[in-house]
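Bear in mind that the values in this text are calculations on the coordinates, not laboratory data. Because the structure is a prediction, the values reported are computed rather than measured. All Cβ positions, even for glycine, are placed from backbone atoms using ideal geometry, and neighbour counts span all protein chains on display.
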Amino acid sequence: MRKIILAGNWKMYKTQAETLEFLKQFLGQLNETPEDRSVVLCAPFTALSALSKSLHGARIKVGAQNIHWEDEGAYTGEISGDMLRELGVRYVIVGHSERRQYFGETDATVNLRLKQAQKCGLIPILCVGETKQQRDAGETEAVIATQLEKDLVDVDQNNLVIAYEPIWAIGTGDTCEAEEANRVIGEIRKLLTNPNVTIQYGGSVKPNNVDELMAQPEIDGALVGGASLEPDSFARIVNFQPMA
């Protein structure tokens, strides 16, 4: 059974104080949220403790934005799975395009991080997607197939979430059309050994397009960037109403 997972990726935004203020305005808006929807907040490392303590007993799960592939070591600026788990983290984003583009992430290191997340009892959210240049060249399916082939070596697909994030739609306001997002996610599903993997769409998901996106049969949730930073905005996304 595929799960519906709606995750906010706060990126490098929100201090601990801003995190607590967000929760104060956000939590009350989940009273009518259907039980079959999982809500995840992927916060900066410095906000994880405040987030976890404030959500004790709440239905929101805590997520991180990265994980190192070793248990410990001389890796300045990195963070281990045990460190994250100690803070109550349940999910971790792996292979986001910004990590790939700005910080030298490769499919090889993505694979290592995925396996380490699972080893540490965390659920990784694997991000895949194509650039505008690759899409215009008709390479979308080939690019994603290559990413999946390399990223998922020896990865347990029973403990995995995938986010299809077309790079050209992230933070640009240029959302992939719902039917096209559904088509690509359907192609991703065909490449998996477990057809029940939750596959999210990410890339300029907003209150005004989430209903149409979530009405698509292949889309199991959303990985939300900018629109997850504002309580009312993210609450509207979490409380989506699929179009008939």
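Of the numbered conditions (1) over 21 Å from V89 (Cβ atoms); (2) assigned to a helix (DSSP H, G or I); (3) not aliphatic (A, V, I, L, M), D154 fails exactly one; give the number of that condition.
D154 satisfies every listed condition except (2).
Give D36, D82, D71 a once-over and let me know the one that is within 21 Å of G202 (Cβ to Cβ) and surrounded by fewer than 17 Cβ atoms within 10 Å (Cβ to Cβ).
Working: D82 fails: within 21 Å of G202 (Cβ to Cβ); D71 fails: within 21 Å of G202 (Cβ to Cβ).
Just one listed residue meets the conditions, D36.
Restricting attention to region 1-29, report how many residues are touching a helix residue (DSSP H, G or I) at 6+ places or on another chain (Cβ under 7 Å), of a type outside the set (G, A, S) and surrounded by 14 or more Cβ atoms within 10 Å (Cβ to Cβ).
Adding up the residues that qualify gives 11.
Go through region 45-90 and count every residue that is assigned to a loop (DSSP other than H, G, I, E, B) and either out of contact with any helix residue (DSSP H, G or I) (no Cβ under 9 Å at 6 or more places or on another chain) or over 23 Å from Y102 (Cβ atoms) (or both).
First, pick out the residues of region 45-90 that are assigned to a loop (DSSP other than H, G, I, E, B): 55-59, 65-80, 87-88.
After this cut, where a residue has to be either out of contact with any helix residue (DSSP H, G or I) (no Cβ under 9 Å at 6 or more places or on another chain) or over 23 Å from Y102 (Cβ atoms) (or both) as well, the list is 55-59, 71-78, 87-88.
Within region 45-90, residues that are assigned to a loop (DSSP other than H, G, I, E, B) and either out of contact with any helix residue (DSSP H, G or I) (no Cβ under 9 Å at 6 or more places or on another chain) or over 23 Å from Y102 (Cβ atoms) (or both) number 15.
Using the structure shown, decide if N194 is outside any helix (DSSP H, G or I), closer than 27 Å to E139 by Cβ and not hydroxyl-bearing (S, T, Y). Reasoning before the result, please.
Values: outside any helix (DSSP H, G or I): yes; closer than 27 Å to E139 by Cβ: yes; not hydroxyl-bearing (S, T, Y): yes.
It is true that N194 is outside any helix (DSSP H, G or I), closer than 27 Å to E139 by Cβ and not hydroxyl-bearing (S, T, Y).
Condition first: over 11 Å from the mean Cα position of the chain (by Cα) and either among the small types (G, A, S) or under 25 Å from I123 (Cβ atoms) (or both). Now tell me which residues in region 207-222 satisfy that.
First, pick out the residues of region 207-222 that are over 11 Å from the mean Cα position of the chain (by Cα): 207-220.
V210, L213, M214, A215, Q216, P217, E218, I219, D220, listed by residue number.
Within region 189-225, take every residue that is hydroxyl-bearing (S, T, Y) and farther than 19 Å from R37 by Cβ and give me the one that is surrounded by the fewest Cβ atoms within 10 Å (Cβ to Cβ). Walk me through how you get there before you give the answer.
Start the filter on region 189-225 by keeping residues that are hydroxyl-bearing (S, T, Y), which leaves 193, 198, 201, 204.
Applying the additional criterion that residues be farther than 19 Å from R37 by Cβ yields 193, 204.
On the way: T193: 8, S204: 21.
So the residue we want is T193.
Among (1) in contact (Cβ under 8 Å) with a residue 12 or more places away in the chain; (2) outside any helix (DSSP H, G or I); (3) of a type in the set (G, A, S), where does A117 come up short?
Every condition holds for A117 apart from (2).
Can you tell me how many residues in region 217-241 are within 19 Å of A17 (Cα to Cα), of a type outside the set (G, A, S) and part of a helix (DSSP H, G or I)?
Residues in region 217-241 being within 19 Å of A17 (Cα to Cα), of a type outside the set (G, A, S) and part of a helix (DSSP H, G or I): 3 in total.
Somewhere in region 161-171, is a residue under 30 Å from Q25 (Cα atoms), surrounded by fewer than 19 Cβ atoms within 10 Å (Cβ to Cβ), within 18 Å of the chain's Cα centre (by Cα) and not basic (K, R)?
Yes, there is a match, as at least one residue in region 161-171 is under 30 Å from Q25 (Cα atoms), surrounded by fewer than 19 Cβ atoms within 10 Å (Cβ to Cβ), within 18 Å of the chain's Cα centre (by Cα) and not basic (K, R).
Name every residue in region 106-155 that is in contact with a Phe, Trp or Tyr (Cβ under 8 Å, 6 or more places away or on another chain), over 21 Å from S80 (Cβ atoms) and surrounded by fewer than 20 Cβ atoms within 10 Å (Cβ to Cβ), in order of residue number.
Selection gives T131, K132, R135.
One line per residue, one yes/no per condition, for (1) in contact (Cβ under 8 Å) with a residue 40 or more places away in the chain; (2) under 30 Å from R2 (Cβ atoms); (3) touching a Cys at 6+ places or on another chain (Cβ under 8 Å); (4) polar (S, T, N, Q):
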| position | (1), (2), (3), (4) |
| --- | --- |
| Q29 | yes, yes, no, yes |
| L41 | yes, yes, no, no |
| L51 | no, yes, no, no |
| L55 | no, yes, no, no |
| N66 | yes, yes, no, yes |
| E70 | yes, no, no, no |
| A74 | no, no, no, no |
| G77 | no, no, no, no |
